[in-house]
Amino acid sequence: MPMNLIHRKICSSEKWAATVEERLAPWLAERDLGDDVLEIGPGFGATTKVLLDVVPKLTVLEIDHASTELLRAKYGDRAEVVEGSGAEMPFEDGRFSAVVCFTMLHHVPTSRLQDAIFAEAARVLRPGGTYCGSDGQLNLRFRLLHIGDTMNVIDAETFPGRLEKAGFEQVSVDLRPKELVIFSAVKPGSPST
């Protein structure tokens, strides 16, 4: 797992789960994610817990075996939990109404693999579907938290072009200084009825 011990302890804590819920719930309330949502890289499941309260059907895709087992134990009765890579998703084309990922892209070791995740998100989305989420940005606290971790931070300036190259339109990237990059993009085409 590309996270050091301190990072894992923080991300698996009740305090972190409460912080995630406080920040994520209002953001999700402003979005219509549709009826069948995929979450990539939920880790310990803090974001999954919040999503389960606002989406009708949730599938989570986690690459780490131990985290997958934890997610199955915690949420397997309410979500489909799949072990696999976001760069090679085991789902059919056009299945999901939305694909989301939160603070996991910086744990993807290369830009090439990140780009593969973006392309796969476009592939598994329905026409008109949304790909959205957030990721951390460099600051001293972020660097310290990631000592010994995989840390490949998204460049907010090049991110829109990377999403467009993956096949998205209506790309929006909002950089919150020293904190987060928040993004959304839409797969071209009209939603099917």
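The values are calculated or read from the model by the stated rules, or taken from the named source; none is laboratory data. Bear in mind that the values here come from a model prediction, so they are computed numbers and not experimental data. In this analysis, Cβ positions are derived from the backbone assuming ideal geometry, glycine residues included, and neighbour counts consider all displayed protein chains. Remember, those area values only see protein heavy atoms, side chains included, never the ligands or the DNA or RNA. Shrake-Rupley method; radii C 1.70, N 1.55, O 1.52, S 1.80 Å.
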Selection within the stretch 154-193 - modelled with pLDDT of 85 or more and among the aliphatic types (A, V, I, L, M): 154, 156, 163, 166, 171, 173, 181, 182, 185, 186
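For the stretch 70-94, which residues satisfy the criterion of being in a loop (DSSP other than H, G, I, E, B) and either touching a residue at least 60 places away in the same chain (Cβ under 8 Å) or under 19 Å from residue 54 (Cα atoms) (or both)? Steps first, please.
Let us first name the residues in the stretch 70-94 that are in a loop (DSSP other than H, G, I, E, B), namely 76-79, 84-94.
Result: 76, 77, 78, 79.
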Enumeration of residues in the stretch 12-31 that are open to solvent by 60 Å² or more (accessible area, probe 1.4 Å), farther than 21 Å from residue 106 by Cα and touching a residue at least 24 places away in the same chain (Cβ under 8 Å): 29, 31
Pairs, first more than 16 Å from residue 114 (Cβ to Cβ) and outside any loop (DSSP other than H, G, I, E, B) in the stretch 138-166, second open to solvent by less than 40 Å² (accessible area, probe 1.4 Å) and at pLDDT 65 or above, C-beta under 7 Å, six or more apart: 142/136
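Mind checking which residues of the stretch 58-75 are open to solvent by 40 Å² or more (accessible area, probe 1.4 Å) and either out of contact with any Asp or Glu (no Cβ under 8 Å at 6 or more places or on another chain) or under 18 Å from residue 102 (Cβ atoms) (or both)?
Restricting attention to the stretch 58-75, the residues satisfying the condition of being open to solvent by 40 Å² or more (accessible area, probe 1.4 Å) are 63, 65-66, 69-70, 72-74.
Across the stretch 58-75, the qualifying residues are 63, 66, 69, 70, 72, 73, 74.
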Given (1) modelled with pLDDT of 90 or more; (2) of a type outside the set (Phe, Trp, Tyr); (3) assigned to a helix (DSSP H, G or I); (4) open to solvent by less than 40 Å² (accessible area, probe 1.4 Å), index of the condition residue 106 fails: (1)
Test: residue in the stretch 85-94 that is closer than 24 Å to residue 20 by Cβ, more than 11 Å from the chain's Cα centre (by Cα) and open to solvent by 40 Å² or more (accessible area, probe 1.4 Å): no
